[in-house]
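The values are calculated or read from the model by the stated rules, or taken from the named source; none is laboratory data. Note that the coordinates shown come from a computational prediction; the quantities given were computed from them, not determined experimentally. Cβ coordinates were reconstructed from backbone atoms using ideal geometry, including for glycine residues, and neighbour counts include every protein chain displayed. Protein only, heavy atoms only, side chains kept; ligands, DNA and RNA dropped before computing areas. Shrake-Rupley method; radii C 1.70, N 1.55, O 1.52, S 1.80 Å.
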Amino acid sequence: MKKKKVLKCAPALLALLVLCGCTAQANTPTQSAPITTTAQETPQETAFYAMDTLMHMKAYGENEAAGLQAAEDEINRLEQLFSHTLGESDISRINAAGGGAVAVSEETISLMTRALEICLQTGGALDITVYPLVAAYGFPTGDYTVLSDAERLRLLALVDYEAVTVDVSAGTVALAQPDMGLSLGAVAKGYASQQAADILRSYGVESALLTLGGNIQAVGAKPDGSPWKVAVQDPFTDSGYVGVLSVSDCAVITSGGYQRYFDVEEDGKTVRYHHILDPDTGLPADAGLSSVTIVTDDGFLGDALSTSLFVMGLDEASEYWRAQGGFEAVFVTDDGTVYITEGLSALYEPSEGFEQVQTIAMQSF
């Protein structure tokens, strides 16, 4: 089989934000730009590069400048702990230890523990040990490769979140096999956005909007008291959106196969390999969804669930929402149908071309 590689990354995306939550890291950052700027005062804004993506934060209030600097410092500090590309980070040291126990920070222990709980709760749809496959496909570096079946299956044998040992009392983490690898890419930005928001609040900021690689975190409402308008990207085009959410004081995080991918020609057909891998197969998740958007007051949870529910597919994801609660969701299927959980009924406005919205009720019939 002759394969010709055609590399492509998703372009900069709209937001007021158009959502581009990136669960697998790559070198090309996603960006967002305002649709509207209506406010009672001029915000203080900052943009910087961290966690392999461009980040933008704006805040209103008397101490907004100091708060934004403290929030940026916090994000940079967390990157030093959780990055799998920085050699001295806790995660990189665990990956390099060959299966030995590694002493890490209390914060890493806490994040790892919670991430593993989500892995268990989602039945492995989220698996933080999928990194060897992600790396082999080339998503962290942009050096993309289509894996042979033999190589994919070899690496798939290393994917097992239950083979991670977190010793809370000793403050250590260990992997069961030398070639295993961790990535917190599906949770780190969500956690960082929540921490940054909390820091801004501690500085007295009551109105702010944070965009961490497309993970949107709203602090309060706009200065005039109206909700933030957050647009959910159309996953089938380079611009445009399927609808707009009106939100305040919450996280809105999207995962989709359109965000990071590469195309190859196989037997005269274009085949797309995206960055959200199914931990059961080692292949890009193919459960009928083009994007999943999570709305929640917990950035960590939103980041984790946007990935895992994408892997699950609509039916299983809907049942998970009914069973667990604590979040709302927008699902866009591969045929372009938009589904929203009923808690968003009054908060979601469809865009032209996507007016037919299906509502998922708490009780299934």
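General remarks:
- Cβ charges +1 (Lys, Arg) and -1 (Asp, Glu), total dipole of segment 123-199, debye: 140
- At most 14 other Cβ within 10 Å, DSSP loop - GluC sites (Glu not before Pro), segment 41-80: Glu41, Glu62
- Our note on the geometry: Cα centres of segment 118-175 and segment 185-245, 28 Å apart.
- Value of relative contact order over segment 44-169, rounded to a whole percent, pairs C-alpha under 8 Å and six or more apart: 13
- Relative contact order [Cα under 8 Å, 6+ residues apart], the chain, whole percent: 21
- Area of Tyr203 that stays accessible when all protein chains are in place (1.4 Å probe, Å², to 10): 90
- D (Stokes-Einstein, µm²/s), Kirkwood Cα radius, segment 152-270, 0.890 mPa s at 25 °C: 135
- Cα principal axis extents for segment 75-230, largest first, Å: 58, 40, 30
- Calculated Rg and Dmax of the chain using C-alpha coordinates, Å: 19.8, 63
- Proximal charge balance of Pro350 [Cβ under 14 Å; K/R count +1, D/E count -1]: -3
- Computed label-point distance, nm, for sites Arg272 and Glu349 using a 7 Å Cα→Cβ extension: 2.8
- The relative contact order of segment 282-365 comes to 27 percent, based on Cα pairs under 8 Å that sit 6 or more residues apart.
- Positive dipole terminus of the chain, leading residue within Ala317, Leu245, Gln80 (C-beta point charges): Gln80
- Close Lys pairs in the chain (alpha-carbon distance under 23 Å; sequence gap of 8 or more, or different chains): 10.
- When the alpha carbon coordinates of segment 121-186 are projected onto the principal axes, the ranges are 41, 25, 22 Å, largest first.
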